[in-house]
Amino acid sequence: MSARIYLLAAGAFAVGTSAYVVSGVLPAVSSELDVSLTAAGQLATAFALSYAIGAPLLATVTGRWERRTLLLAALLMAALGNVIAAVATNYPVLIVGRVVAALGAAAYTPAATLFATGLMPPEGRGRAVAIVFGGLTFALVLGVPAGSLLGDSLGYRGVFGLIAAASVVVAIAIGTLLPRVDAPPVVGLRERFAAAGDRRVQTVLAMTVLSVLAAMSVFTYVVPLLAETAGLTGSIVGILLLVYGLGAVVGNVIGGRATDRFGSIPTLLVSMLVFAGLTALLPVTATSVIGAGVSLFALSLFTWAFNPPIQNLLLELSPSGGLLLSLNASAIYFGAGLSAVVGGIVINLAGIRVLPEVAALLALASLALLLTLRRPAPAKAATEELETASA
């Protein structure tokens, strides 16, 4: 059974790479299509906002679909979006490609998690979810640096073409190796959003938006930022993005263990405070290859350490924690979508060196929201079905 779950994780890797790879090919897009760097950055906005809006809507629309069929359709839609991006001869068509790819990703990730949890007994469902989402983490670790490195030789079109090919290969494997699985009970769109009425839940979701906005506004423009602060370009930037990805893996593990040992709120307080400090110092610390490597690793570690405690906090706040995690996924992509817009505005008005300082202020605003929360009482039903948590 575990081999099948890793196949699902491979699909998550493909759609995750499609989401993150823009950061590594921004200069190529800007040059080949003759658009500004900030305009190229809006490709990340188009993807993220499409995912944020599409995830709950598609989960409802496709709720009655047989699961393997849904996985195939989602991967093929993601592949189509990347093909459109690869052959686009102008900026508007490239935006369309990003939107189509995002909708495929938004349909695939929850469906893959549902499928994985169905392949394992109840006591193994948490591991199944972790494996599938591990594909997204490794997309950041391997996919983005590979995109940056390959972009020099293949161009951004070749990079998007490779992602499309990978999505098709995984789709063929899934269609061949996975069994048919009936759809789970349908959860209506109104029910998905009803849990957001709690003020504490709204506060946590706002924290997610601000924190992701802070992190991704820097990450989206990290390639030109490193060129400005340390004069770094080319393959060395791809290696540094790999270092950033490794920090994400370590941070996710540490964040989970710290949450189990110290609780959600203390872990969030530390991770957010350190993140703000590291981000503010980035123009000073990332002035050489070694300095940039250490800074990006540490910054990524505390960025990704945020995820386990914020999800655990939502489970503590409400018995319907699974539905809240679904909304939190949309909040993540909403914040990511805003990041390119906010980052572009800051760059145009004040220059790219000011961007980390603005990001640090956004992180502190998120920290201030956390301080308004009272410690939540344990949820009565924190073990709600994991399939809704993945939507």
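The values are calculated or read from the model by the stated rules, or taken from the named source; none is laboratory data. If you're wondering where the values come from, they're calculated on a predicted model, not measured in any experiment. Cβ coordinates were reconstructed from backbone atoms using ideal geometry, including for glycine residues, and neighbour counts include every protein chain displayed. Surface accessibility is based on the protein's heavy atoms, side chains included, excluding ligands, DNA and RNA. Shrake-Rupley method; radii C 1.70, N 1.55, O 1.52, S 1.80 Å.
From the residues in segment 209-235 that are among the hydroxyl-bearing types (Ser, Thr, Tyr), more than 14 Å from the chain's Cα centre (by Cα) and in a helix (DSSP H, G or I), which one is farthest from ALA360 (Cα to Cα)? Break it down stepwise before answering.
Let us first name the residues in segment 209-235 that are among the hydroxyl-bearing types (Ser, Thr, Tyr), namely 211, 217, 220-221, 229, 233, 235.
Of the ones still in play, those that are also more than 14 Å from the chain's Cα centre (by Cα) are 221, 229, 233, 235.
Filter once more, keeping what is in a helix (DSSP H, G or I): 229, 235.
Details: THR229: 17, SER235: 28 Å.
Per the criteria, the residue is SER235.
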Exercise. Using beta carbons and a limit of 8 Å, which pairs, at least six apart or on different chains, have the first residue in segment 353-369 and modelled with pLDDT under 95 and the second one of a type in the set (D, E, K, R)?
Worked result: ARG353/GLU228
For this session: Residue by residue through segment 282-298, note down the ones that are in contact (Cβ under 8 Å) with a residue 60 or more places away in the chain and part of a helix (DSSP H, G or I).
Result: LEU282, PRO283, GLY291, ALA292, LEU296
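Looking at segment 348-361 only, could you name the residues that are part of a helix (DSSP H, G or I) and surrounded by fewer than 23 Cβ atoms within 10 Å (Cβ to Cβ)? So that I can check it myself, show each step before the final result.
Taking segment 348-361 and keeping what is part of a helix (DSSP H, G or I), we get 348-350, 352-361.
Selection gives ASN348, LEU349, ALA350, ILE352, ARG353, VAL354, GLU357, VAL358, ALA360, LEU361.
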For this session: Determine if segment 65-76 includes at least one residue that is in contact with a Lys or Arg (Cβ under 7 Å, 6 or more places away or on another chain) and on the phi < 0 side of the Ramachandran plot.
Result: yes
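Look at GLY234 and say whether it is on the phi > 0 side of the Ramachandran plot, in contact (Cβ under 8 Å) with a residue 24 or more places away in the chain and either out of contact with any Leu (no Cβ under 7 Å at 6 or more places or on another chain) or open to solvent by 50 Å² or more (accessible area, probe 1.4 Å) (or both). Spell out how you get there, then give the answer.
Numbers: on the phi > 0 side of the Ramachandran plot: yes; in contact (Cβ under 8 Å) with a residue 24 or more places away in the chain: yes; either out of contact with any Leu (no Cβ under 7 Å at 6 or more places or on another chain) or open to solvent by 50 Å² or more (accessible area, probe 1.4 Å) (or both): yes.
Yes, satisfied.
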For this session: Could you tell me whether segment 165-188 includes any residue that is open to solvent by less than 30 Å² (accessible area, probe 1.4 Å), at pLDDT below 85 and in a helix (DSSP H, G or I)?
Result: no
Seminar exercise, completed: Note on PHE219: of the conditions (1) of a type in the set (Phe, Trp, Tyr); (2) modelled with pLDDT under 80; (3) open to solvent by less than 20 Å² (accessible area, probe 1.4 Å), unmet is (2)
For this session: Examine segment 84-106 for a residue that is small (Gly, Ala, Ser), modelled with pLDDT under 90 and within 23 Å of ALA329 (Cβ to Cβ), and state whether such a residue exists.
Result: yes
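Condition test on LEU273, is it assigned to a helix (DSSP H, G or I), within 13 Å of LEU296 (Cβ to Cβ) and open to solvent by 30 Å² or more (accessible area, probe 1.4 Å)?
Details: assigned to a helix (DSSP H, G or I): yes; within 13 Å of LEU296 (Cβ to Cβ): no; open to solvent by 30 Å² or more (accessible area, probe 1.4 Å): yes.
Considered against the rule, which asks whether it is assigned to a helix (DSSP H, G or I), within 13 Å of LEU296 (Cβ to Cβ) and open to solvent by 30 Å² or more (accessible area, probe 1.4 Å), LEU273 comes out as no.
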Exercise. Filtering segment 133-164 down to residues that are buried (at least 22 other Cβ atoms within 10 Å of the Cβ) and among the aromatic types (Phe, Trp, Tyr), which residue is modelled with the highest pLDDT?
Worked result: PHE160
